[in-house]
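As structure tokens, the structure follows; a few thoughts come after it.
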Amino acid sequence: MRYLPLTEADRQSMLAATRTASVNDLFRDVPEAARLSGPIGGLPNHMGELEVERHLGAMAAKNLAAGSVPSFLGAGAYRHHVPATVDHMVQRGEFLTAYTPYQPEVSQGTLQVLFEFQTQVSLLTGMDVANASMYDGATACAEAVIMANRVTRRKKAVLSGGLHPHYRDTTTTDARFIGFDAVALPADPTGIEDLAAQVDDKTSCVVVQNPSVFGQIRDYSDLAKLCQAKGALLIVVVTEALSLGLLTPPGEMGADIVAAEGQSFGNALNFGGPYVGLFAVKDKYVRQMPGRLCGETLDADGRRGFVLTLSTREQHIRREKATSNICTNAGLCALAFSIHVSLLGEAGITQLAQLNHAKAVQLADKLAAVPGVEIVNDGFFNEFTVKLPKSATAVVEALAERRILGGVPVSRLYPGAMDDLLLVAVTETNTESDMDAFATALAEVLS
Amino acid sequence: MSMNSQGRPSAIPTAAIPAAGVADAVTGTFTGNRGLQIEEPLIFEQDAAGRCGVDLPDAPKVASRLGGVKPRAKVGLPGLAEPQVVRHYTRLSQKNYAIDSGLYPLGSCTMKHNPRLNEKMARLPGFADVHPLQPVSTVQGALELMDSLAHWLKTLTGMAAVTLAPAAGAHGEMCGIMAIRSAHEAKGDTARTKILVPESAHGTNPATAAACGYAVESIPATADGRVDLDALKAKLGPDVAGLMLTNPNTCGLFERDIIAIGEAVHAAGAYFYCDGANFNAIVGRVRPADLGVDAMHINLHKTFSTPHGGGGPGSGPVVFSEALAPYVPVPYVTHGASGFDLVENAGDGPAFGRMKAFHGQMGMFTRALSYMLSHGADGLWQASGDAVLNANYVMARLEDVMTASFEGPCMHECLFDDRFLKGTGVTTLDIAKALIDEGFHPMTMYFPLVVHGALLIEPTETESKASLDQFIDALRALAERAKGGDVAYFQGAPRLTPRRRLDETAAARKPILRWTPPVGAEALAAE
């Protein structure tokens, strides 16, 4: 077996050193009835690399890779071009095969990356400070609500109807088991809901998403002021992190916590995971944050270095009194995010965001010209909602048969509802001819 | 200028910047570099306005449609060209120890070889470039992969059901405890307010139970490092929802009484949650179902070699017994009439809802299945056998110079405490730091909490005997050196690393958690 270096001679001499007759003897503390007598049944024996490649390659070939056809899916996962440098650097063994940086003397690489990541997230969100990442945007959102409950000592979260249903459901699952109220407003495709009316003296936080799951952009500055006046926190969720390159950041609107999905930078679609949750707060809440934090310090020679810090919030120190049970961050995905953002820099991120928006405007105009199609949003970044004269689910299936991935039917996210609505996302990867093909095919399918 | 969180800007201490032509006090070189160890500033300190590491086309000229929201003025990111970015991350990577560079004996963390085949498979466009919300008809291979992984996990554990949804081990624990609560609630039993957790448990266990609203009660260990069965029985009652037990436990020992433990838990109407962090010790040899387990998470990054990546991403599927099988989160894969299907919404059934966006850590599933297929049933049998043999070999060769906490055999890891350092003035931490100078990553220190000054060593099955011997010889020499009274040597360690003993107290007292522009930088830029 290619991954196992011990030879049979090694095993015999090592068994002798342990004064044991056989490897099976080392398992003697396992109750005999529970010990298998040989390799487990019902599973194949080992395979060489080539066989594994054939086996998994056959499975992969049964999927339609988004990049092989014109693809316009978003709804929280976006297909952006990832520069070759990103994946090359991520696969350096020193990053790929290191553990959590508990021994800072031999982990300065990972630690400096995390410090830089925290800074990048703070800058992008316009917030004071960010942690070293969460599992994904949805769990970041749920943890933000739990943190707001802790900070305000209140137990009612108000969830906007523009919040991605997966984020809403992740939060309501926690609400049920942890024990707080999560009041979810009805789906709000156009961004007209009155959140202010929902805030009372029991409200710990209001959770909004910008752009919303329907793509709608709003300015939440007034809501932030209202929350502050009522003693509630404003949590702003962002599922398309690239939008932060163009739009007024949540920090400038007065957000207390930003919970975001960072997949758009550096990370492939991967059928939904692993992704990277971003979590940023105002200064005053630093010690209430969940998750890992990296901080700057000095070493014994007075040189700048980095360590994991404020770990007295965390489960390995505080056990049942921890701010969260979270133990990992999204290390490699955060690294990929960070490298991509470094490559883009100030000029690149602005240009890429503008490019995405401009292409979305172009596609919106092309689709609006298709008879029976209506654009629902008045303001959007790179994703918008389209109203169709037919079932969006059926339209998307028909488009897939024409080898076009034509967006996400809203009813996929809201079962049994709004099947006339379709979410359409556009990125720099979509060419003009992709867009024309989409508009033409849509016209055919609808005719 | 924006100050950072606690009002102190990030800065290179002036003492650490060698003046031109003057040798650095620490390294003796003019640059502060030391051969292959090259000092690397923060990426923010390498900025030049307008420089960019990507080339993009100009945006089409259209009127923006931002719904009246203003575009932002600036973000504040630095500009670097691609070669600078490559060099930055290459230099940073060289400051990390990694399993690729050497033995990484972190107990309870399972730093085993990460096969590159797994990386290659996860990057096949048919897996990596698939959107989670594509029509199900276009992702049949992805669902087949999830179904195959589920089959392997159920077969290896003997359990009735599995959810792939949880994003990490601790997330899986949360899922398991949610399932236990759902099952009690389904029976109308709401009187169970406690979860029992042995004192040797990972910190995530009590944190998870508490997060789910349970009171946590600690179970003491016996003198031989196992759960005290009598103490457990005394605490079991109609107010106990479940037991969370790691097996093999964090002392590296198999819980000999595990079947009696499970029976006692079930007799009290409670459920048995097993923390599967150490499943790698028994995978392919022992099925947790045969031990009476009701739920167990499996860290794919431990047992099935997906990369730890400096702290994630993880993946924490949870297997369930028949009793808990209905109480799973969404989504899950089913076998439909026209192929695989995906149930994404809980509806009115017993499934309890969603734990994260989309369908779980697909990229980790591919890597784990690649590892499973590579090993097969015969390879897994050998892998867990070698893991246990390696740990026992390390223990046997060190127990005359260090103090093993409990009698063997151990499983995949061996536990020592600091009695062998008594009176030397050298601590567990000092041994760890001295080990770094010898070219090894330290073992897990000060965990588990049940012994004093713990040193928990997990070599894994992917170390050769030569590698173990070198590590053992280094540790033996350090133990002798400590006993010889050379305290100053230990307290000065490590000496050969890019940084030496960092001040963690100062870091926590006045946290600096981000870079901020140096004082006056914005004014200068405006001139």
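The values are calculated or read from the model by the stated rules, or taken from the named source; none is laboratory data. The structure displayed is predicted, hence computed values, not measured ones. Here the Cβ is made from the backbone with ideal geometry for all residues, glycine too, and neighbour counts use every protein chain on show.
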Here are some conditions: (1) touching a strand residue (DSSP E or B) at 6+ places or on another chain (Cβ under 6 Å); (2) free of Cβ contacts under 8 Å to residues at least 12 places away in the same chain. B:VAL450 meets all but one. Which one does it not meet?
(2)
Just wondering, is there one or more residues in the stretch A:384-397 that are touching a helix residue (DSSP H, G or I) at 6+ places or on another chain (Cβ under 6 Å), in contact (Cβ under 8 Å) with a residue 40 or more places away in the chain and within 25 Å of A:ASN63 (Cα to Cα)?
yes
Scan the stretch A:364-409 for residues that are in a loop (DSSP other than H, G, I, E, B), at pLDDT 95 or above and surrounded by fewer than 17 Cβ atoms within 10 Å (Cβ to Cβ) and jot them down.
A:ALA369, A:PRO371, A:GLY372, A:PRO389, A:LYS390, A:SER391, A:ARG402, A:ARG403
Hey, can you tell me all the residues within the stretch A:145-164 that are within 21 Å of the chain's Cα centre (by Cα), touching a residue at least 60 places away in the same chain (Cβ under 8 Å) and surrounded by fewer than 24 Cβ atoms within 10 Å (Cβ to Cβ)?
A:ILE146, A:HIS164
Out of A:ASP10, A:ASP29, which single residue is in a helix (DSSP H, G or I) and either more than 20 Å from B:PRO125 (Cβ to Cβ) or not β-branched (Val, Ile, Thr) (or both)?
A:ASP10
Quick one: which of A:ALA157, A:ALA182 is within 14 Å of another protein chain (Cβ to nearest Cβ), at pLDDT 95 or above and under 30 Å from A:PHE384 (Cβ atoms)?
A:ALA182
Tell me, which residue of the stretch A:295-316 that is facing chain B (nearest Cβ under 7 Å) and of a type in the set (A, V, I, L, M, F, W, C) is nearest to A:THR139 (Cα to Cα)?
A:LEU310
Taking the stretch A:1-25 and keeping residues without any contact (Cβ under 8 Å) to a residue 40 or more places away in the chain, under 19 Å from B:SER464 (Cα atoms) and among the hydrophobic types (A, V, I, L, M, F, W, C) leaves A:LEU4, A:LEU6, A:ALA9, A:MET14, A:LEU15, A:ALA16, A:ALA17, A:VAL23
Residues located in the stretch B:225-248, provided they are closer than 26 Å to B:SER315 by Cα, free of Cβ contacts under 8 Å to residues at least 60 places away in the same chain and not hydroxyl-bearing (Ser, Thr, Tyr)
B:LEU243, B:LEU245, B:ASN247
Near pairs, Cβ below 7 angstrom, 6+ apart or cross-chain, from the stretch B:43-59 (facing another protein chain (nearest Cβ under 7 Å) and farther than 19 Å from A:THR85 by Cα) to any residue that is modelled with pLDDT of 95 or more and in a loop (DSSP other than H, G, I, E, B):
B:GLY50/B:GLY79
Answer yes or no as to whether A:GLU428 is buried (at least 19 other Cβ atoms within 10 Å of the Cβ) and modelled with pLDDT of 95 or more.
yes
Tally up the residues in the stretch B:120-137 that are surrounded by fewer than 21 Cβ atoms within 10 Å (Cβ to Cβ), closer than 15 Å to A:ASN267 by Cα and among the charged types (D, E, K, R), please.
1
Does B:LEU373 satisfy the condition of being in a strand (DSSP E or B) and either within 30 Å of A:HIS88 (Cα to Cα) or within 11 Å of chain A (Cβ to nearest Cβ) (or both)?
no
So which of A:LYS202, A:LYS284 is within 14 Å of another protein chain (Cβ to nearest Cβ), surrounded by fewer than 20 Cβ atoms within 10 Å (Cβ to Cβ), on the phi < 0 side of the Ramachandran plot and among the charged types (D, E, K, R)?
A:LYS284
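Quick grid of which residues meet (1) touching a helix residue (DSSP H, G or I) at 6+ places or on another chain (Cβ under 8 Å); (2) within 13 Å of chain B (Cβ to nearest Cβ); (3) closer than 11 Å to A:THR125 by Cα; (4) at pLDDT below 95:
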position	(1), (2), (3), (4)
A:LEU223	yes, no, no, no
A:ALA229	no, no, no, no
A:LEU234	yes, no, no, no
A:THR248	no, yes, yes, no
A:GLY251	yes, yes, yes, no
A:ALA259	yes, yes, yes, no
A:LEU269	yes, yes, no, no
A:PRO274	yes, yes, no, no
Check every one of the helices (runs of 4 or more DSSP H) wholly within the stretch A:36-144 and list those with 2 or more residues that are in the same structural domain as A:ASN267 (by TED's automatic domain parsing), free of Cβ contacts under 8 Å to residues at least 40 places away in the same chain and buried (at least 18 other Cβ atoms within 10 Å of the Cβ).
A:108-125
